[in-house]
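Peer 1: Quick one: the structure is below, and I'll ask about it shortly.
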Amino acid sequence: MWRDTNVHHPLDPLTKDEILQCSEIVKKDCKEHPDLRFETIELYEPTKSSVKAFDKDPSVGVGERKARASIFYVGKGIGVWKIVINLSDGKVLSKEERPNARPMIQLDEFVEIEKVVQQDERVIAACAKRGITDMSLVCIDPWSSGMFGFDYEKDRHLSYTFMWVRSKDLDN
């Protein structure tokens, strides 16, 4: 049974090695989808009884370590997969598709949204009407928008984008 020696309690967060192991297991399981993206990888918490048993007698060991990964596929519409992985034996325990769930906005998407908004002619014109001509001072802050049942939300990954202007370079 594989065990990361840096894990000292059943509720310890996943270690770097466990996260990498989880990632490799999921990629192997989903190899037909090279456009796979990870939203989150986290500890799949053990049962309360196993934690209590460990707390009472640490010699029982931390037990099986499991991880939960939330993944999605770029360009495949909306939806998130929840996958539970047994890190002790390297097996996928369950896979559940949540077709109407929206993945969190990823870091590279934040950067892309900021770039697109700052270069949009409508935004540039609206800023100019307000006397803002240096678009490098315009801060763009995208937030995940959720879903409220509007037709335009169907099959789209949307954000609300808030904007403000800094008074000088490096201001926040």
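Read the figures in this text as sums done on the coordinates, not as results from a lab. Everything quoted here is computed from the prediction, not taken from an experiment. Note that each Cβ is placed from the backbone with ideal geometry, even for glycine, and that neighbours are counted across all protein chains shown.
Peer 1: Run through region 22-124 and list the GluC sites (Glu not before Pro) located in a DSSP loop whose Cβ has at most 12 other Cβ atoms within 10 Å. Intermediate values should be presented prior to the final figure.
Peer 2: Details: sites: GLU24, GLU32, GLU39, GLU42, GLU64, GLU96, GLU97, GLU109, GLU112, GLU114, GLU121; in loops: GLU32, GLU64.
Passing sites in region 22-124 are GLU32.
Peer 1: Related question: Quick check of the Kirkwood formula: for region 57-101, what is the inverse mean of 1/r over all pairs of different Cα atoms, in Å?
Peer 2: Numbers: mean 1/r = 0.0820 Å⁻¹.
So the Kirkwood estimate lands at 12.2 Å.
Peer 1: Using the basic label-point model (7 angstrom from Cα toward the beta carbon), what is the ARG166 to MET147 distance in nanometres?
Peer 2: Going from the ARG166 label point to the MET147 one covers 3.6 nm.
Peer 1: While we're on this one: What's the longest bit of the chain with no exposed trypsin sites (Lys or Arg not before Pro), using DSSP loop states and at most 16 other Cβ atoms within 10 Å as the test? Please report the intermediate quantities before stating the final value.
Peer 2: Numbers: sites that count: ARG3, LYS31, LYS76, ARG130, LYS154, ARG156, ARG166, LYS168.
By the stated rule (loop sites, at most 16 other Cβ atoms within 10 Å), 77-129.
Peer 1: Using alpha-carbon pairs under 8 Å, 6+ residues apart, how would you state the relative contact order of the chain in percent? Working shown, then result.
Peer 2: On the way: 252 pairs, mean separation 28.0, N = 172.
Computed over the chain, the figure is 16 percent.
Peer 1: Loop-only chymotrypsin sites (Phe, Trp or Tyr not before Pro) in region 77-172, please: DSSP not H, G, I, E or B, and at most 11 other Cβ atoms within 10 Å. Numbers along the way, then the final one.
Peer 2: Numbers: sites: TRP81, PHE110, TRP143, PHE148, PHE150, TYR152, TYR160, PHE162, TRP164; in loops: PHE148, PHE150.
When the chymotrypsin sites (Phe, Trp or Tyr not before Pro) of region 77-172 are filtered for loop state and at most 11 Cβ neighbours within 10 Å, PHE148, PHE150 remain.
Peer 1: May I pose another question? Hey, what number do you get for the chain at 222 nm if only DSSP H runs of n ≥ 4 count, each worth -39500 (n - 2.57), divided across all residues, to the nearest 500? Please list the in-between numbers first.
Peer 2: Values: 4 runs with 45 residues, N = 172.
Calculated from helices alone, the mean residue ellipticity at 222 nm is -8000 deg cm²/dmol.
Peer 1: From the C-alpha coordinates alone, can you work out the Kirkwood hydrodynamic radius of the chain, in Å?
Peer 2: About 19.4 Å, per the Kirkwood formula over Cα pairs.
Peer 1: Still on this structure, I have one more. Taking 41 Å as R0, compute the FRET efficiency from the Cβ-Cβ separation of MET135 and GLU32 and round it to 0.05. Write down the numbers at each step before the final one.
Peer 2: Numbers: r = 42 Å, r/R0 = 1.02.
So, using R0 = 41 Å, E works out to roughly 0.45.
Peer 1: Another question, if that's okay. When the C-alpha atoms of region 104-157 are aligned to their principal axes, what extent does each axis show, in angstrom, from largest down?
Peer 2: If we take the Cα atoms of region 104-157, the spans are 36, 24, 13 Å.
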